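Each remark here refers to the structure printed beneath this line.
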Amino acid sequence: TQLLEQSPQFLSIQEGENLTVYCNSSSVFSSLQWYRQEPGEGPVLLVTVVTGGEVKKLKRLTFQFGDARKDSSLHITAAQPGDTGLYLCAGGFGNQFYFGTGTSLTVIP
Amino acid sequence: SQTIHQWPATLVQPVGSPLSLECTVEGTSNPNLYWYRQAAGRGLQLLFYSVGIGQISSEVPQNLSASRPQDRQFILSSKKLLLSDSGFYLCALEGGVGQETQYFGPGTRLLVL
């Protein structure tokens, strides 16, 4: 059973465009994390959100946690080729973590 | 700072052979440790997690097992590998009490032929 669904699964855009990735679940999480992963490497944490409705900004990346703590979004402004990678959301249940299905982003120069 | 080591980095094994993947961590004590498996370009599947020495919780019934012989060592094993065991295996530790974040090792790519 997949607790977290991400959309879209694949995304290919031109440099400079904006994009949003969604992470949805029917379950409530105590926290939600976003990671970015390069091929052949482990995921790297981008952000953790813990409060319903919380918005965090990391340079051109904006993360939002849904009011009900069941969903989250990642918005990238003016995407750059360096943003290319696999984006993963993960929901926390105490000391257990469940990962989303992943969104593979390609930014074309 | 916390560091996670995994070895080997890459492994090619025949079907039916045994497996042992090792994960060691530095810069922390009594961490919660995790093993995940990832199919190409997809999300991570939680396999095992451990909150302390000798304490293992299994999330998915399969022919894999895990052990934690020392506080900073987490081992993933199999007696007989299957083709479906191929994948990218990642070890992770929890960032700390109340942090609810994870930090990942570099991973081991396993190919079963």
- Message: For region A:1-63, which GluC sites (Glu not before Pro) pass both filters: DSSP loop (anything but H, G, I, E, B) and at most 16 other C-beta atoms within 10 Å?
- Response: A:Glu15, A:Glu17, A:Glu41
- Only loop residues by DSSP count here, and only those with at most 13 other Cβ atoms within 10 Å; note down the trypsin sites (Lys or Arg not before Pro) in region B:19-113 that meet that. B:Lys79, B:Lys80
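Once you average over the residues of A:37-45, how many Cβ atoms of partner chains fall within 10 Å of each Cβ?
On the way: counts 8, 0, 3, 6, 6, 15, 10, 2, 5.
Counting other chains' Cβ atoms within 10 Å and averaging over A:37-45 gives 6.
Under the 0.36 nm per residue contour assumption, what length would be gained going from the current alpha-carbon distance of A:Ser27 and A:Val55 to full extension?
So the extension gain works out to 8.1 nm.
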- Percent antiparallel among DSSP beta bridges confined to chain A, nearest 5, equals 90
- Note, region B:31-38: 3J(HN,Hα) by Karplus (6.51, -1.76, 1.60, θ = phi - 60°), whole Hz, Gly/Pro = x, goes x, 7, 10, 9, 10, 10, 10, 10
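Given a Förster distance of 45 angstrom, what is the FRET efficiency for B:Gln73 paired with A:Glu17, based on the Cβ-Cβ distance and rounded to 0.05?
Result of the calculation: an efficiency of 0.50.
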- Counting partner chain Cβ atoms within 10 Å of every residue's Cβ in B:43-52, what's the average? 4
- Rounded to the nearest 5, what is the percent of antiparallel bridges among the DSSP beta bridges in the protein assembly as shown? 90
- Message: Taking R0 as 45 Å, what FRET efficiency do you get between B:Leu82 and B:Ser1 from their Cβ-Cβ distance, rounded to the nearest 0.05?
- Response: 0.75
- Message: Test of understanding: given chain A, find the longest segment containing no trypsin sites (Lys or Arg not before Pro) that are in a DSSP loop and have at most 15 other Cβ atoms within 10 Å.
- Response: A:1-58
- So, with points 7 Å from each Cα along the Cβ direction, the B:Val12-A:Leu3 label distance in nm works out to 3.8
- Query: Counting only protein heavy atoms and using a 1.4 Å probe, what share of the accessible area of the protein assembly as shown belongs to carbon plus sulfur, as a whole percent?
  - Reply: 53
- Grab the other residues whose beta carbon is less than 12 angstrom from that of B:Ser86, score K and R as +1, D and E as -1, and report the net. +1
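The values are calculated or read from the model by the stated rules, or taken from the named source; none is laboratory data. Note that this is a predicted model, so its numbers are computed, not measured. FYI the Cβ positions are ideal-geometry reconstructions off the backbone, even for glycines, and counts take in every protein chain you see. Quick note on the areas: whole protein, heavy atoms, side chains included, nothing else; ligands and nucleic acids left out. Shrake-Rupley method; radii C 1.70, N 1.55, O 1.52, S 1.80 Å.
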